[in-house]
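The values are calculated or read from the model by the stated rules, or taken from the named source; none is laboratory data. The structure presented is a predicted model; accordingly, all values stated were derived computationally and were not measured. So basically every Cβ, Gly included, is an ideal-geometry build from the backbone, and we count neighbours across all protein chains shown. The area values use the complete protein model at the heavy-atom level, side chains included, leaving out ligands, DNA and RNA. Shrake-Rupley method; radii C 1.70, N 1.55, O 1.52, S 1.80 Å.
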Amino acid sequence: DVNKNLDGLGFSARFRNYVDLGEDANFELSASAITGKREQPLATSLASGPNAVNVRQSLVGADLTYRWKPLQQGLYKSFLLQAEVMRQINQLPTGYNTSALGAAYSGPTRDFTGGYVFARWQLSQRLFIGGRFDSLQDPALDGRSMAAASGLLEWFPSEFSKLVAQYERTSPSGMPGLDRILLQASFAVGPHKPHPF
């Protein structure tokens, strides 16, 4: 079992640093990491014997958030910019003779990187427009790059509801692109929600 020993436990850490750039703007810079052992599959033709091996997998990332909201026009004007990059680090099994068991390691044999950039501009008191771009080395596609771009329109009819319309184009490497339109309606029921930071 993965978690019987201390070496098999998962560990995580996060660092956040907030900086004011004046009365109207601020940014937050963060870094995070998590590591632990996971069972990864072994391809074997034997009816008995192990079909998985414990291998360490780690994830490291960094993100940045920039906010602009002028004091005099805070109800009607604002800008938000977010960016994040993450890397999955996959170690290979060591000290494990898979050939003697007639098995081959079928888990990930390389590292993967992905990230996104998101921006949102406030047009009026209750209307926002935004865009997002994602790029990923997709583990499900053997590390081939996949990109996605989207634009969205957000409208807040009240403090307790939000309507979103979004168009997204996904482009996996070597495959036809996929277009879709997403519609979302969110409603809050109950006590007044906290004001956003």
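Miscellaneous remarks
- Residue in the range 41-53 that is more than 23 Å from Thr113 (Cα to Cα), at pLDDT 75 or above and out of contact with any Gly (no Cβ under 9 Å at 6 or more places or on another chain) present: yes
- Pairs meeting the criteria (first residue in the range 69-81 and part of a loop (DSSP other than H, G, I, E, B), second residue of a type in the set (Asp, Glu) and open to solvent by 90 Å² or more (accessible area, probe 1.4 Å), beta carbons under 8 Å, at least 6 apart or on different chains) are Leu71/Glu23.
- If you check Val117, Val189, Val164 for being outside any helix (DSSP H, G or I) and modelled with pLDDT under 95, only one passes: Val189.
- Residue check, Gly143 at positive phi, open to solvent by 60 Å² or more (accessible area, probe 1.4 Å) and not in a strand (DSSP E or B): no
- Conditions (1) open to solvent by less than 80 Å² (accessible area, probe 1.4 Å); (2) over 25 Å from Val60 (Cα atoms); number of the one not met by Pro108: (2)
- Filter pass, Pro172 being touching a residue at least 12 places away in the same chain (Cβ under 8 Å) and within 25 Å of Asn90 (Cα to Cα): yes
- Scan of the range 89-105 for residues that are under 21 Å from Gly61 (Cβ atoms) and either open to solvent by less than 50 Å² (accessible area, probe 1.4 Å) or modelled with pLDDT of 95 or more (or both), ordered by number: Asn90
- Looking only at residues of the range 120-140 that are surrounded by 14 or more Cβ atoms within 10 Å (Cβ to Cβ) and more than 30 Å from Ala185 (Cα to Cα), we find that the one that is modelled with the highest pLDDT is Gln137.
- Candidate set: the range 54-81, residues that are within 22 Å of Gln125 (Cβ to Cβ) and of a type in the set (S, T, N, Q); chosen: the one modelled with the highest pLDDT: Ser78
- Any hit, the range 175-197, residues being touching a Pro at 6+ places or on another chain (Cβ under 9 Å), farther than 20 Å from Phe79 by Cβ and surrounded by 15 or more Cβ atoms within 10 Å (Cβ to Cβ): no
- A search for C-beta distances below 9 Å between a residue of the range 89-116 that is within 30 Å of Gly151 (Cβ to Cβ) and any residue that is in a loop (DSSP other than H, G, I, E, B) and at pLDDT 75 or above, counting only pairs 6+ apart in sequence or on different chains, returns Phe112/Asp138; Phe112/Gly143; Gly114/Asp138.
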